[in-house]
Structures are given as C-alpha cells and as structure tokens.
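Enquirer: Sending over a structure as structure tokens; questions will come in a sec.
The values are calculated or read from the model by the stated rules, or taken from the named source; none is laboratory data. No experiment lies behind these values; they were computed from the predicted model shown. Cβ coordinates were reconstructed from backbone atoms using ideal geometry, including for glycine residues, and neighbour counts include every protein chain displayed. Areas reflect the complete protein model, heavy atoms only, side chains present, ligands, DNA and RNA absent. Shrake-Rupley method; radii C 1.70, N 1.55, O 1.52, S 1.80 Å.
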Amino acid sequence: MKIGSMLGDVLRAFFQKPVTRPYPFEKKPAPPNYRGKLVWNREKCTGCQLCVKDCPADAIELVTIDRANKRFVLRYNIDRCTYCAQCVVNCRFDCLEMSHEQWELAALSKEPFTVYYGQDEDIESFLRKIGKIE
C-alpha cells in the first residue's frame, strides 16, 4: 500500500461522521429476547432444584433453609453462567427468567458476580454459615 492512497483515506475520514456509537452516553435498547441476568421469584419456587440439575455451567445453587415454609436461598454465580436459559426452560413453576433490562454486568472485582436471592434474614444466616460474614 502506498502512502498516497493511505493519506487520501485518512483525509476523507476527517470529514465523515463516526460509524460507531459513543456507548456509555448513547445506549441502544436490548433486543426483546436478549438473555441478561437471571432473576428468581422466591414466592413461586418450590425447591424442586431442577434449575440446579439442568444448569450446564453449575452457576446456580439452591440452599434449603426451611422446606415446609418455602424458605430458600439461591446463589447465582454470574461469572459461571453461559446465559443458555436452560434453567428457565426447565423450571415448572416459572420462578426463573432472564432479565432484558439487567445486561450490563461488567465489574472491576469478582464480588459482584455472586448474587444471593431470598429473604434478607435467610441470606444473612446462610452467609454466616459459610463464613462470608461474622
């Protein structure tokens, strides 16, 4: 490639609008069937653990606190999830869904990639049990 032809391309590029979007400032909405973060509805969950068994990435763990009173803690490891939605498809009670709004999941540290769903006191007792908080 000669310098003259390359210089012509550079000069033309100065007078054209950029093709890319300035992403953080101008956001495009996610497509309707986009698979974002997993969302769990604890009121519908019966604790059958089909979601845990069917997850190929082992990203979901359902801890039973009290089965009779339907008290569970769902630990969701976002960094392991492949967003295949196999757990959502196989859930008989429609308590799992992939969010269309929560899809910007980048972070600087690993802590935000583990999400705990459930009642606050159940999550706190579970975290004490595994030694995450004192």
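Enquirer: Collect the residues in region 91-126 that are of a type in the set (D, E, K, R) and in contact (Cβ under 8 Å) with a residue 24 or more places away in the chain, keeping them in residue-number order.
Expert: First, the residues of region 91-126 that are of a type in the set (D, E, K, R): 92, 94, 97, 101, 104, 110-111, 120-122, 124.
Passing the criteria: ARG92, ASP94, GLU97, GLU101, LYS110, ASP122.
Enquirer: Which of (1) surrounded by 11 or more Cβ atoms within 10 Å (Cβ to Cβ); (2) at pLDDT 90 or above is the odd one out, the single condition ASP58 does not satisfy?
Expert: (1)
Enquirer: Check LYS53 against each of (1) modelled with pLDDT of 90 or more; (2) touching a strand residue (DSSP E or B) at 6+ places or on another chain (Cβ under 9 Å); (3) among the charged types (D, E, K, R) and name the one condition it does not meet.
Expert: Answer for LYS53: the failing condition is (2).
Enquirer: Any residue in region 120-127 that is in a loop (DSSP other than H, G, I, E, B) and either open to solvent by less than 80 Å² (accessible area, probe 1.4 Å) or more than 30 Å from PRO24 (Cβ to Cβ) (or both)? Give the derivation first.
Expert: As a first pass, look at region 120-127 and keep what is in a loop (DSSP other than H, G, I, E, B): none.
No, because not a single residue in region 120-127 is in a loop (DSSP other than H, G, I, E, B) and either open to solvent by less than 80 Å² (accessible area, probe 1.4 Å) or more than 30 Å from PRO24 (Cβ to Cβ) (or both).
Enquirer: Which condition number does VAL63 fail, the rest of (1) open to solvent by 80 Å² or more (accessible area, probe 1.4 Å); (2) touching a residue at least 12 places away in the same chain (Cβ under 8 Å) being met?
Expert: Checking VAL63 against (1) open to solvent by 80 Å² or more (accessible area, probe 1.4 Å); (2) touching a residue at least 12 places away in the same chain (Cβ under 8 Å), the one that fails is (1).
Enquirer: Among the residues of region 78-107, write down those that are part of a loop (DSSP other than H, G, I, E, B), over 13 Å from the mean Cα position of the chain (by Cα) and of a type in the set (A, V, I, L, M, F, W, C).
Expert: Looking only at region 78-107, we keep the residues that are part of a loop (DSSP other than H, G, I, E, B), and these are 78-85, 91-95, 99-107.
When the remaining residues are screened for being over 13 Å from the mean Cα position of the chain (by Cα), the result is 91-95.
Passing the criteria: CYS91, PHE93, CYS95.
Enquirer: If you go through region 96-108 one residue at a time, do you hit one that is hydroxyl-bearing (Ser, Thr, Tyr), modelled with pLDDT of 90 or more and within 19 Å of ARG35 (Cα to Cα)? Working first, answer last.
Expert: First pass over region 96-108, keeping only residues hydroxyl-bearing (Ser, Thr, Tyr): 99.
Then drop every residue that is not modelled with pLDDT of 90 or more, which leaves none.
Looking for residues that are hydroxyl-bearing (Ser, Thr, Tyr), modelled with pLDDT of 90 or more and within 19 Å of ARG35 (Cα to Cα), one finds none in region 96-108, hence no.
Enquirer: Considering only residues of region 11-52 that are open to solvent by 100 Å² or more (accessible area, probe 1.4 Å) and not in a loop (DSSP other than H, G, I, E, B), which is nearest to TYR116 (Cα to Cα)?
Expert: From region 11-52, those open to solvent by 100 Å² or more (accessible area, probe 1.4 Å) are 12, 14-21, 23, 25, 27-29, 32-33, 35, 43; that's our starting set.
If we keep only those that are not in a loop (DSSP other than H, G, I, E, B) too, we end up with 12, 14.
Working: ARG12: 52, PHE14: 50 Å.
So the residue we want is PHE14.
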